Amino acid sequence: MTETNESLWRAPFAAEPLDATVTIPGSKSLSNRYLVLAAMGTKPVTLIGLLRSRDTELMMGALEALGVSCVADADDETTVVVTPPENGVFRGGSSVFCGLAGTVMRFVPALALYADGPVHFDGDKQSYQRPMGPLLEGLRQLGARIDFEGEPGHLPFTLTPPEQAVGGSVSIDSSGSSQFISGLLLGAPKLGGGLRLTHTGEHLPSLPHIRMTMADLGAAGVDVRMDGRTWTVAHGDVQLLPQVVVEPDLSNAAPFLGAALIAGGTVRVPNWPERTTQPGGLLPEYLEHMGATITIEEMPNGARTLGVTSNGVIHGLGDFDLSAAGEIAPSLAALLVFADAPTSLTGIGHLRGHETNRLEALVTEIRRVGGDADELADGIAIRPVGPERLHGAVMETYADHRMATFAAMLGLRIRDIDVVNVETTRKTIPDFVGLWSSMLG
Ligand SMILES: O=C(O)C1=C[C@@H](OP(=O)(O)O)[C@@H](O)[C@H](O)C1
Ligand SMILES: C=C(OP(=O)(O)O)C(=O)O
């Protein structure tokens, strides 16, 4: 299952201001955490509103390889019952395919600590570039043996579990991805002596995603604490509630809400959570800084609809630390191409290890349409140019869903943008083109 569709999609131009309501599918980060936590329990868990996209299919495939059952409701594929293996032991001698999904390649290896034999991990060729070393070093400190087939510290590899997963203290440098810490924390409660995990690096990206991991472990009854750069997880049972509802993916809301600023008008997203652990929860504040008006409408059923309204004037952000929410950098970058002042998005050097080298990709694609951007040591600088300098182009997407949605956003205000392999958006959105077209009416 690789992504090879090289067809071109003409991104629709927004001829008039938007007035749209867009229902965003479930969160990738929450869906894949709940799937892992459900697999570690003893009783079946029904996940409601689960994202059904490539990354969650890969996660379900990975868990099934380990002996977990994931069964979708016949009438609604976003309702999935997850049943852990009967004896609580994951199946060894198995193969896990990670595609390009960070949450699969970084969350599933810790489960292999509890398998009854070696587990082989592989992924798309492009996944071989993504950093894995610190996670695997952490698992090695917990007694696992890792045999690399290609470059050390990267996919593909085979993990041989220890005789007994006793746990203890682990130190790793997680500055390359918060997912190394999340992956070790998620797998930790079954360790005989629990886990004491220390991050030794200077920077730590995506702290909200680590807090999300802690909150979800807490919801499964696990005692997990954070003290500075050290986390402790107590040994104990993992059991989510019988039914868990997944929030919409707030980072995937970014291109749609951002569209209101680029095209002008209003875009609404229903079921916006009042409180959330998703970094996308920071979006309304960011968009307000950029000049949008944010509204919240309470529905009769208690749900809340977020509205973003703009007259099309987008303010630059100056020096802006985005380390908390690096995954929305491509969407903010698209807005900043049309801003009234320059912006440096910083604290996101680790985006070089995302689906593609996103800093290089963003600079290349912004320049391709006539814009002005540069890579920084830890981010990207985007300087506005006059609209007369921006022009259509065939935009590359590098098998990166967020580079595809970035290109679609530019196409709202720049005519004749063709997007290579827009299907790559299926990584986290089942029907991006359909949603985007209906937003435009
Ligand atoms: O744990 C998660 O669900 C994620 C953590 C972040 O990873 P990084 O810390 O590598 O940026 C984020 O960018 C990714 O999209 C999802
Ligand atoms: C970095 C991302 O994904 P992954 O979960 O594959 O790391 C992302 O979705 O922006």
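The values are calculated or read from the model by the stated rules, or taken from the named source; none is laboratory data. All of these numbers come straight from a predicted model, not from anything done at the bench. Quick reminder, even Gly has a Cβ in these numbers, built from the backbone with ideal geometry, and neighbours come from all protein chains shown.
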So for segment 377-395 (the condition being under 27 Å from P134 (Cβ atoms), of a type outside the set (S, T, N, Q) and surrounded by fewer than 17 Cβ atoms within 10 Å (Cβ to Cβ)), does at least one residue qualify? yes
Qualifying positions in segment 205-257 - outside any helix (DSSP H, G or I) and without any contact (Cβ under 8 Å) to a residue 40 or more places away in the chain: G221, V222, D223, V224, R225, M226, D227, G228, R229, T230, T232
Residue count for segment 422-441, restricted to those that are more than 17 Å from T364 (Cβ to Cβ), in contact (Cβ under 8 Å) with a residue 60 or more places away in the chain and part of a helix (DSSP H, G or I): 10
Flagged in segment 286-320 as surrounded by 14 or more Cβ atoms within 10 Å (Cβ to Cβ) and either acidic (D, E) or assigned to a loop (DSSP other than H, G, I, E, B) (or both), in numbering order, are M290, G291, A292, G312, I314, H315, G316, L317
Can you find a residue that is within 26 Å of T79 (Cβ to Cβ), hydrophobic (A, V, I, L, M, F, W, C) and within 16 Å of ligand 1 (Cβ to nearest atom) anywhere in segment 185-208? yes
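For every residue, the table says whether it meets (1) within 16 Å of ligand 2 (Cβ to nearest atom); (2) free of Cβ contacts under 8 Å to residues at least 40 places away in the same chain; (3) touching a Leu at 6+ places or on another chain (Cβ under 6 Å); (4) not assigned by TED's automatic domain parsing to the domain that holds D378.
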| position | (1), (2), (3), (4) |
| --- | --- |
| V269 | no, no, yes, no |
| A292 | no, yes, yes, no |
| T295 | no, yes, no, no |
| P300 | no, yes, no, no |
| V313 | no, yes, no, no |
| L322 | yes, no, yes, no |
| A325 | yes, no, yes, no |
| A334 | yes, no, yes, no |
| V337 | no, no, no, no |
Go through segment 61-82 and give me each residue that's over 28 Å from T424 (Cβ atoms) and either within 15 Å of ligand 2 (Cβ to nearest atom) or surrounded by 17 or more Cβ atoms within 10 Å (Cβ to Cβ) (or both). G67
Determine if segment 391-402 includes at least one residue that is assigned to a helix (DSSP H, G or I) and within 16 Å of ligand 2 (Cβ to nearest atom). yes
Name the pairs: first residue in segment 46-68 and hydroxyl-bearing (S, T, Y), second residue part of a helix (DSSP H, G or I), Cβ to Cβ under 6 Å, at least 6 apart or on different chains? S53/R426; T56/S31
Between residues in segment 74-89 that are in the same structural domain as A110 (by TED's automatic domain parsing) and of a type in the set (S, T, Y) and residues that are part of a strand (DSSP E or B) and at pLDDT 95 or above, which pairs lie under 6 Å by C-beta distance while being six or more apart or on different chains? T79/I48; T83/S69
Quick check, is V45 out of contact with any Ser or Thr (no Cβ under 7 Å at 6 or more places or on another chain), surrounded by fewer than 20 Cβ atoms within 10 Å (Cβ to Cβ) and not acidic (D, E)? no
Restricting segment 178-204 to residues that are of a type in the set (A, V, I, L, M, F, W, C) and either within 16 Å of ligand 2 (Cβ to nearest atom) or without any contact (Cβ under 8 Å) to a residue 60 or more places away in the chain (or both), which is surrounded by the fewest Cβ atoms within 10 Å (Cβ to Cβ)? L204
In segment 222-251, what residues are closer than 21 Å to L50 by Cα and either within 15 Å of ligand 1 (Cβ to nearest atom) or not polar (S, T, N, Q) (or both)? V238, L240, L241, P242, V244, V245, V246, E247, P248, D249, L250, S251
Can we say V238 is in the same structural domain as K43 (by TED's automatic domain parsing) and buried (at least 17 other Cβ atoms within 10 Å of the Cβ)? yes
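Please verify whether Y128 is in contact (Cβ under 8 Å) with a residue 40 or more places away in the chain and away from ligand 1 (no atom under 16 Å from the Cβ), treating the condition exactly as stated. Quick ask: steps written out before the conclusion?
On the way: in contact (Cβ under 8 Å) with a residue 40 or more places away in the chain: no; away from ligand 1 (no atom under 16 Å from the Cβ): yes.
So Y128 fails the test.
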Provide a single number: the residues in segment 61-95 that are more than 17 Å from D249 (Cβ to Cβ) and outside any strand (DSSP E or B). 21
V419 fails exactly one of (1) more than 12 Å from ligand 2 (Cβ to nearest atom); (2) assigned to a helix (DSSP H, G or I); (3) touching a helix residue (DSSP H, G or I) at 6+ places or on another chain (Cβ under 9 Å), namely (2)
Can you pull out every residue in segment 331-357 that is assigned to a helix (DSSP H, G or I) and within 13 Å of ligand 1 (Cβ to nearest atom)? S331, G349, H350, L351, R352, G353
